[in-house]
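For reference, the structure discussed in these notes is given below.
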Amino acid sequence: MVSQQIKILMVVAALAVLVLVIPHTSSFVVLLATRALAFGILAMSLDILIGFTGLASLGQAAYFGVGAYLTAVLAAKFHFGVGWDFWLVVVFGVVAAALLAAFFGLFAIRASGVYFLMITLALGQCVWGLAYRWNSVTGGDNGLIIKARPDFGLNLADDVTFFFLVLGFFIVSMILMYVLVRSPFGRSLKGIRERELRMSMLGYNVWLHKYIAFVIAGAFGGLAGVLWAHTNGIVTPEDVVLTTSVDALLMVVLGGAGTLVGGAIGSAIVLLLREYLSTLVPWWQYVLGGVYVLTILYLPTGLMGIPKRIRQGLKRSDNKSIADLASARR
Amino acid sequence: MTEKTLRKLNPLLMGGAFALGLSLSSQAQAEELRIGFLVPVTGIYAQIGKDMVDGFQLYLDQVEGKFGGADVKFIVEDEQGKPATAVLKASKLVGQDKVQMLVGGLLASTGYALAPESTREKILYIASIPSADDLTQRKLSEFPYFFRTGWTSSQPTQPLGQWACEQGYKKIITVAADYAFGYESVGGFQKVFEDCGGKIIQKIWPPLGTKDFGPYISTLKGDADAIFTLMVGPMALQFPKQLRGAGIKKPIVGGSVSYDEFALPFMGDEVVGDFSALQYSAALETPKNEAFVKAYRAKYGKVPGYYAESNYTTALLIDEAMKKAGGKWPGSEQFIKILSSLKVEAPRGPVSFDDMRNPVHNIYIKKVEKKKLFGYDKAELWNTVIKTYPNVSQFWTYGKDKFLKQPVYDRDFPPCKYCE
């Protein structure tokens with residue numbers, strides 16, 4: 001329990017550092033951090049499925065896309081969501097994504113393992129196809145432009161103000177997800193992850209648990225999408241395409257599945273390498289690839305597994321030195 | 001670590017740059033012109049991105065790094081073929097590098113992403129490649145800092161429709177990549193061809209990236225006189241091969257990039273005799289173009305396509321505008337005015353601009369031929385120009401007002417009256 005408190009303190013400290021440092025950097029770094037936070041919400045939502053329920057989904061971009069496209073369509077076609085009604089759009093985005101997840105979940109939750117991966121992939125690509133082909137609504141390949149960020153007394157056109165808003169959403173999402181995975185419901189999800197058969201024999205409705213987790217993850221994905229749309233000012237099929245889902249998956253694996261924070265860390269690292277390092281050196285892709293390979297090889301539990309490994313290492317060497325000492329005395 | 005130190009250094013660097021800018025503007029010495037160039041350096045479009053950079057760089061080297069006397073700082077950023085990344089990189093170029101203008105972008109969607117960014121940042125954005133029609137048509141008023149040196153998607157296909165009609169083709173089938181660029185290209189062709197009396201009897205839309213055209217080829221109606229295609233990337237290589245392989249000998253009239261020099265060296269002899277239309281052909285036998293092709297080929301080992309030419313010409317235009325401005329950056333608004341008034345002789349021919357900041361240039365009807373050209377000793381595929389439509393504007397012959405009253409060309413506009 002103590003270590004849990006320390007972990008929370010560390011997260012709070014990291015967020016405090018963000019709050020203190022980011023506003024004093026350039027607008028590029030502010031925008032980059034905003035993107036990392038918005039994508040971090042998506043990665044964390046995926047972690048509910050991967051890390052806590054044991055469902056590796058390759059379709060998380062679908063809910064992200066629904067949130068983003070809903071925001072863009074409302075803003076571009078109906079001029080809705082550019083004032084205080086932004087908050088309504090947030091609600092709509094979350095609800096729409098949850099509804100889509102509820103629909104897709106009916107098909108996806110039947111399967112498990114690789115089959116679940118493939119079904120979510122296919123369903124995700126359906127949404128992409130819709131975004132790509134439904135020209136009259138989505139603008140097709142050209143995408144949809146959001147002319148300006150909302151202004152409700154608080155003008156979000158300012159990058160730093162918007163950063164704080166996204167940070168706020170990020171913190172609230174993280175707390176909600178944290179509460180969720182620590183709740184009895186979250187614990188039964190972990191039980192399903194560990195041994196599905198035993199859970200169903202204990203009388204748990206495994207299907208319903210998975211389904212609810214799937215819908216909740218979709219809802220948070222929708223929220224991330226709404227924020228993402230306003231971060232960039234444009235929504236294109238590129239945001240819904242398979243690689244976006246793969247990115248989210250890799251971020252979770254990189255940061256450490258089943259830790260929530262890991263997804264956010266993964267998001268920060270991937271975006272930092274991809275967007276920041278690429279402004280400095282042309283060989284940034286090798287660094288990104290190297291990070292992935294090394295993580296998979298040496299840190300199967302992700303970057304969040306590092307402290308544990310260090311502790312284990314220390315313990316082992318402690319034991320060894322005690323043994324050495326003992327043998328020396330003798 | 002480096003990231004952290006950089007972050008710490010950022011305010012210092014920015015302050016330094018700002019102070020430097022102040023001191024420079026107060027003194028009357030050579031100014032620095034900072035140009036942010038956004039292209040895909042990685043990903044599936046990396047090769048096109050390289051051609052774009054090479055085209056610009058070639059001109060920059062020819063004028064020894066100076067535009068109108070100002071030292072050019074040419075900063076290339078990787079937009080990875082993603083619109084959202086382009087926006088982010090643009091904010092980096094504007095915020096950190098303090099560029100005076102953004103140039104480039106590849107995809108139409110990137111153009112659509114960067115145009116509002118230019119409005120937000122009040123910074124000039126020159127689209128050298130993105131060809132989405134509406135950027136310089138119905139939506140231009142939203143983008144006061146947007147300028148185009150490339151083309152609109154329908155600009156070359158409209159004259160091509162006229163030409164096809166004059167060849168006596170009565171019925172044509174269109175086969176085009178299923179996305180906005182394809183819709184706009186087909187729309188322009190269909191509108192002009194049908195206004196001239198022709199009939200589009202079938203429209204087929206294979207998805208972008210289609211490799212096997214068998215299912216589409218088998219549905220082609222037999223009574224067509226010709227086939228209009230708009231193929232992008234590897235599709236351009238596959239379609240003619242598979243069509244001829246299926247024994248269909250109908251003439252192909254290709255939209256814009258279908259036979260661009262970017263893809264031409266990888267095509268086989270089956271494309272000899274195919275037609276296409278664009279504002280540039282590497283086989284243009286003008287002294288200006290011959291010099292450009294030879295210099296480009298000597299330096300980069302390949303024949304330049306329109307991606308390279310368009311950016312070469314963009315560099316040329318910026319240079320000319322800077323000369324007119326006396327070597328000093330006059331501010332975005334003034335610079336756009338100067339650009340709009342320019343008339344230059346580019347490799348593609350004479351280029352001027354309409355009042356909607358889009359080029360007016362020649363459109364060439366080209367025919368693929370295998371021949372020796374410019375003293376190269378091997379017979380290669382070249383886009384021989386067989387007809388020139390001089391000074392074509394994006395509105396063709398319709399006139400601006402009448403043209404802008406119709407909606408933007410789309411999958412279903414103009415409607416296919418003669419399809420069944």
Scanning the stretch A:124-156 for residues that are part of a loop (DSSP other than H, G, I, E, B) and under 21 Å from A:Leu242 (Cβ atoms) gives A:Trp134, A:Gly139, A:Gly143
Exclusive hit being touching a residue at least 12 places away in the same chain (Cβ under 8 Å) and either surrounded by 16 or more Cβ atoms within 10 Å (Cβ to Cβ) or more than 16 Å from the chain's Cα centre (by Cα) (or both), set B:Lys337, B:Lys343, B:Lys294: B:Lys294
So for the stretch A:248-269 (the condition being farther than 26 Å from A:Gln4 by Cβ, within 16 Å of the chain's Cα centre (by Cα) and modelled with pLDDT of 85 or more), does at least one residue qualify? yes
Would you point out the residue of the stretch B:74-93, among those that are within 8 Å of chain A (Cβ to nearest Cβ) and part of a helix (DSSP H, G or I), that is nearest to A:Trp228 (Cα to Cα)? B:Ala84
Can you tell me which residue is surrounded by the fewest Cβ atoms within 10 Å (Cβ to Cβ) among those in the stretch A:252-310 that are within 12 Å of chain B (Cβ to nearest Cβ) and among the β-branched types (Val, Ile, Thr)? A:Val281
Tell me, please, whether a residue that is modelled with pLDDT of 95 or more, in contact with a Leu (Cβ under 9 Å, 6 or more places away or on another chain) and hydroxyl-bearing (Ser, Thr, Tyr) can be found in the stretch B:112-126. yes
Could you tell me how many of the residues in the stretch B:247-294 are part of a loop (DSSP other than H, G, I, E, B), in contact with a Leu (Cβ under 9 Å, 6 or more places away or on another chain) and not charged (D, E, K, R)? 7
Mind listing whichever residues of the stretch A:142-155 are touching a Lys or Arg at 6+ places or on another chain (Cβ under 9 Å) and crowded, with 21+ Cβ neighbours inside 10 Å? A:Leu144, A:Ile145
Consider A:Ala229 against the criteria (1) buried (at least 24 other Cβ atoms within 10 Å of the Cβ); (2) more than 14 Å from chain B (Cβ to nearest Cβ): it satisfies all of them except one. Which criterion is unmet? (2)
Here's a check for you: in the stretch A:125-161, which residue that is within 12 Å of another protein chain (Cβ to nearest Cβ) and among the aromatic types (Phe, Trp, Tyr) is nearest to A:Leu46 (Cα to Cα)? A:Trp128
Of all residues in the stretch A:65-102, which are assigned to a loop (DSSP other than H, G, I, E, B) and on the phi < 0 side of the Ramachandran plot? A:Phe80, A:Val82, A:Gly83, A:Trp84, A:Asp85
Would you please name the residue that is surrounded by the most Cβ atoms within 10 Å (Cβ to Cβ), looking only at residues in the stretch B:365-420 that are outside the structural domain of B:Lys221 (by TED's automatic domain parsing) and assigned to a strand (DSSP E or B)? B:Asp410
If B:Phe266 meets every condition in (1) buried (at least 21 other Cβ atoms within 10 Å of the Cβ); (2) in the same structural domain as B:Val385 (by TED's automatic domain parsing) apart from one, which number is that one? (1)
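The values are calculated or read from the model by the stated rules, or taken from the named source; none is laboratory data. Here the structure is a predicted model, which is why all the values come from computation and not from measurement. Positions of Cβ are backbone-derived with ideal geometry, glycine not excepted, and every protein chain shown enters the neighbour counts.
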